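S.K.: Please read through the structure below; I'll follow up with questions.
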Amino acid sequence: MLFIRRCLSLAHPPSILFVNRVFPPDQGATGRCAFDLTKRMAEAGWRVSVVADGDGPSAAPPGVTVVRTGASLKEGGPGENGMRRGAAPMVRGYLDSLRRLTLRAMRLPRHDVVVTMTDPPLMARVGPMLAAWHGAAAIHWCHDLYPALLPVLGLRIPDPLYRLVEWSVAGAMRRHDAVVAIGRCMARRLAALGVPSDRIVLLPNWAEPGIRPVAREGNGFRADLGLGDRFTVAYSGNLGLAHPMGGLLDAATELARTDPDIAFLVIGEGRGRPALEAAAAARGLSNLRVLPLQPAGRLSESLSAADLHLASMDPRAEGLLVPCKVAGALAAGRPCLFLGPAGSEAAALVDGCGRTLDPADGTGLAAVLRGYARDPARYAEEGRRALSVSARWDADTAAWRFAALAESLLGRAGKPVAAPLVRMSGRGLPHA
């Protein structure tokens, strides 16, 4: 019987459909994760399709078919540009994108598994319907938990409407065959919504493949900035409303007076960047530089330019998101301070290779940074631990876990599965 099923799988490879607003070369962490996963699942024998918004070209891996909706992402897209235009246009952008993606996914040939993601918000709401349309298993890959995250991002919704949307999304979550959470904190939130525990699968995000440590000597990015031997602290990633920067600014202000040789780099884009730049200029912070996002080819150098990284998260967002910048910092072999709630997945990830601090406590952050700057052996050792933690969880391991989940759902339905991905023996979750 197993032989027959394997022969069937070779003749009719199982198919999987991912639905998400962005896919490379579009910017966005969800698109990058989808790229890494679809590439590896195609290599394992799956027939992989992606529906994404926009009308531009796609950086599709071999064996992956990307279908665009045809609408420009710059026109009404629900990202940072939409948020700058105000709440009403942003909501319209969300709903328009959701409608386009749903209709385009319904016009595709049937697939065995349908995976909805969380860009745009409320994609979970249509997941069971799309799966039923395709006669498929339904997986929701939850990177951000909506609608609970919307108030943290500054979008105020009338309470009756909010409760209606929350009730609707929670009901849809419970109808999925599996819901993938990127952190234990998120898994707890999903359980509180009534998602059965046996349908919640923990699968944290991983660092972008190819990130590696680059020593100070020979680091072109560090040399270009003229950092010399200065102890350097970096924040690299999205500067959104869920990532408070007040503590970082307060620490930089204090250290500019007491320890001016400690340098701060803020590398990224987002709605919070203009306010950060204005505050740094008003305070006259010559020890802090704000730089644009760096190209993928220079990511190892830019992340390794720092001796220590920072990641921040609004405490209200605990369980609603997990900052992916932590994984990148650890893959570069650098310790990371998490400025956020102690119950978050990020706090567990930096345990032993960093610390968790109150995001509003600039004085406390300054004291900790001062201690690191005076103890090179400490941050070197924590950097080695960070690299060890990162090595336990990468795109290959995550893809194997995800494929195993999809195959288990097909197995329950009596459908053939693909060839197994290479197993990473001995590898567990990064915080295990």
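The values are calculated or read from the model by the stated rules, or taken from the named source; none is laboratory data. The structure presented is a predicted model; accordingly, all values stated were derived computationally and were not measured. Reconstructed Cβ throughout: ideal geometry from the backbone, glycine too, with neighbour counts over all protein chains shown. Just the protein is used for accessible areas: all its heavy atoms, side chains included, with ligands, DNA and RNA removed. Shrake-Rupley method; radii C 1.70, N 1.55, O 1.52, S 1.80 Å.
S.K.: Please state the equivalent ellipsoid semi-axes for the range 271-417: what are the square roots of 5 times the Cα gyration tensor eigenvalues, largest first, in whole Å?
M.R.: Result for the range 271-417: semi-axes of 33, 18, 16 Å.
S.K.: Using helices alone, I'd like the mean residue ellipticity at 222 nm for the chain: each DSSP H run of four-plus residues gives -39500 (n - 2.57), total over residue count, nearest 500.
M.R.: -13000 deg cm²/dmol
S.K.: For the range 185-307, what does the equivalent ellipsoid look like in terms of its semi-axes, each the square root of 5 times an eigenvalue of the Cα gyration tensor, given largest first in whole Å?
M.R.: Semi-axes from the Cα gyration tensor: 32, 21, 13 Å.
S.K.: Note the full-extension length gain between ARG163 and SER72 as 0.36 nm times their separation in residues minus their Cα-Cα distance, in nm to one decimal.
M.R.: Values: separation 91, 0.36 × 91 = 32.76 nm, distance 3.15 nm.
Extra length available between ARG163 and SER72 comes to 29.6 nm.
S.K.: On a 0 to 90° scale, report how tilted helix 395-412 is relative to the longest principal axis of the chain, with both axes built from alpha carbons and the result rounded to the nearest 10.
M.R.: 30
S.K.: Moving on. Could you please state how large a percent of the accessible area of the chain is carbon and sulfur, counting protein chains only and using a 1.4 Å probe?
M.R.: Percent of accessible area from carbon and sulfur atoms in the chain: 56.
S.K.: Determine the relative contact order of the chain: mean sequence separation of Cα pairs under 8 Å and six or more apart, normalised by residue count, in whole percent. Kindly include the intermediate steps, with their values, before the conclusion.
M.R.: Details: 847 pairs, mean separation 66.8, N = 432.
After rounding, I find 15 percent.
S.K.: Please report, in cubic angstrom per residue, the volume enclosed by the convex hull of the alpha-carbon atoms of the range 145-216. The partial results should precede the final answer.
M.R.: On the way: hull volume 9.4 nm³, N = 72.
Roughly 130 Å³ of hull volume per residue.
S.K.: Order 384-390, 406-412, 44-50, 278-284 from most to least packed using the mean count of other Cβ atoms within 10 Å.
M.R.: Ranked from most to least packed, the peptides come out as 44-50, 384-390, 406-412, 278-284.
S.K.: Under a 1.4 Å probe, what is the accessible area of the range 241-297 per residue, stated in Å²? Mind dumping the intermediate values first?
M.R.: Working: 2480 Å² over 57 residues.
Dividing the accessible area of the range 241-297 by its residue count gives 43 Å².
S.K.: Over the alpha-carbon set of the chain, work out the extent along each principal axis and list the three values in angstrom, largest first.
M.R.: Dimensions of the chain along the principal axes of its Cα atoms: 69, 50, 39 Å.
S.K.: Angle between the Cα long axis of helix 362-373 and the longest principal axis of the chain, 0 to 90 degrees, nearest 10?
M.R.: Around 80 degrees separate the two axes.
S.K.: Oh, and also: Of the peptides 204-213, 180-189, how do they stack up when ordered by the mean number of other Cβ atoms within 10 Å, highest first? Don't jump to the answer; show the numbers that get you there.
M.R.: Values: 204-213: 20.1, 180-189: 22.4.
Descending packing order for the listed peptides: 180-189, 204-213.
S.K.: What length, rounded to one decimal in nm, is gained on full extension from ARG298 through to ASP224, with 0.36 nm per residue of separation minus their alpha-carbon distance?
M.R.: That pair, ARG298 and ASP224, stretches by 25.4 nm at full extension.
S.K.: What angle do you read, to the nearest 10 degrees and between 0 and 90, between the alpha-carbon axis of helix 87-106 and the longest principal axis of the chain?
M.R.: Between the helix axis and the principal axis of the chain, the angle is about 40 degrees.
S.K.: Let me ask something else. Could you work out the relative contact order of the range 204-271, using alpha carbon pairs under 8 angstrom and six or more residues apart, expressed as a whole percent?
M.R.: It rounds to 42 percent for the range 204-271.
S.K.: In whole percent, what relative contact order does the range 266-379 give with Cα contacts below 8 Å and a gap of six or more residues?
M.R.: 19
S.K.: Follow-up question, since we're still on this one. What ranking, highest mean first, results for peptides 111-122, 89-100 when packing means the other Cβ atoms within 10 Å averaged over each residue?
M.R.: 111-122, 89-100
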